[in-house]
Amino acid sequence: MLEIKDLRKSFGKFHALNGLDIHISQGALYGFVGPNGAGKTTTIKIMTGLLVADGGKVIIDGTDVSGGSHELKLKIGYVPDFFGVYDNLKVYEYMEFFASCYGISGLKARTRYMTLLEQVGLEDKVNFYVDSLSRGMKQRLCLARALIHDPLLLVLDEPASGLDPRTRFEFKEILKELREQGKTIFISSHVLSELSEMCTDIGIIDQGKMVLSGSMDAILRRVNASNPLIISILGNKERALTILKSRPCVQTIAVKEGDIRVNFIGDDQEEALLLQSLVDAEVPVHGFYREPGSLESLFMQITDHDKEKAVLVHENESGL
């Protein structure tokens, strides 16, 4: 659905994008993450035809963005991070205006926008003035507007910025529903916990380059695999410690009451063998699990430039 190859953009001596590559399959909900100034908004503006790249290609459903064709505009729905000012326009007038931009009018337009307003929970606001709506309602209205022409790709730039927790949750559920309907969604956000809950894939950009990209499941598995093992036992602590110290995959051991925290560099098979050896030695194991990882911790590691070289070599070897 979306292919970005060697994308480059500079502003004077500042390289906003420096050879960015992204591949997104049809039906994916792709989270685009990076620190401020990493190149996220620049990428989105080039994708949507609002900015011209210095080099590289952006291809959406087989159409090159650089051509700026009308066909391309029909394939993209764009939700910016800031809702524009529309004084003295009612919600239905706002929707009718944007429908007319795509040649949709009359009963067809009304049927379409009423369906969308219902989907985003604004059907009862159809006669309200746009500037009277809350920020969360405006964001949902902006989403409905972006879907008026039934685009294949939905692009959102920090859509949950400034929203309260309940509104963010509702917005997240709408996006998940849209993906289930077959939409491909590209979302830039700083709310990493929510991205990990709803995205199928994720890419982390830093200093204009993609530093990590892959399926959410694979990336979170990798995060969890690097986290400590927590082993809860009900007795025979000394026997358990003797076994752990004999294992080459065990790097460090910390004991707190009935829990043993182990930095373990082995794979799933070696974890299973360790558990089996504890059970065979009659150590009463009450719990055996990896400490859960998080997208936030991974993001901090990846974008910590003091550790960047080591982290990137490690991730590239993983095949992600």
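Only one entry in Gly84, Gly103, Gly19, Gly67 is closer than 16 Å to Ala146 by Cβ, in the same structural domain as Leu147 (by TED's automatic domain parsing) and surrounded by fewer than 16 Cβ atoms within 10 Å (Cβ to Cβ), namely Gly84.
Considering the range 170-193, the residues that are free of Cβ contacts under 8 Å to residues at least 24 places away in the same chain and in a helix (DSSP H, G or I) include one that is surrounded by the fewest Cβ atoms within 10 Å (Cβ to Cβ), namely Glu180.
Is it the case, given these coordinates, that Leu241 is in contact with a helix residue (DSSP H, G or I) (Cβ under 8 Å, 6 or more places away or on another chain), outside any strand (DSSP E or B) and modelled with pLDDT of 90 or more? Give the derivation first.
Details: in contact with a helix residue (DSSP H, G or I) (Cβ under 8 Å, 6 or more places away or on another chain): no; outside any strand (DSSP E or B): yes; modelled with pLDDT of 90 or more: yes.
It is false that Leu241 is in contact with a helix residue (DSSP H, G or I) (Cβ under 8 Å, 6 or more places away or on another chain), outside any strand (DSSP E or B) and modelled with pLDDT of 90 or more.
Can you say whether Pro151 is touching a residue at least 60 places away in the same chain (Cβ under 8 Å), assigned by TED's automatic domain parsing to the domain that holds Tyr78 and closer than 21 Å to Leu192 by Cβ, as far as the supplied structure shows? Spelling it out, it is not the case that Pro151 is touching a residue at least 60 places away in the same chain (Cβ under 8 Å), assigned by TED's automatic domain parsing to the domain that holds Tyr78 and closer than 21 Å to Leu192 by Cβ. Of everything in the range 64-88 that is among the aliphatic types (A, V, I, L, M) and in a helix (DSSP H, G or I), the residue that is nearest to Gln139 (Cα to Cα) is Leu74. Among the residues of the range 111-137, not one is among the charged types (D, E, K, R), under 24 Å from the mean Cα position of the chain (by Cα) and buried (at least 17 other Cβ atoms within 10 Å of the Cβ).
The values are calculated or read from the model by the stated rules, or taken from the named source; none is laboratory data. What you are looking at is a predicted structure, and each value in this text was computed from that prediction instead of being measured. Positions of Cβ are generated from backbone atoms using ideal geometry, with glycine treated the same way; all protein chains shown enter the neighbour counts.
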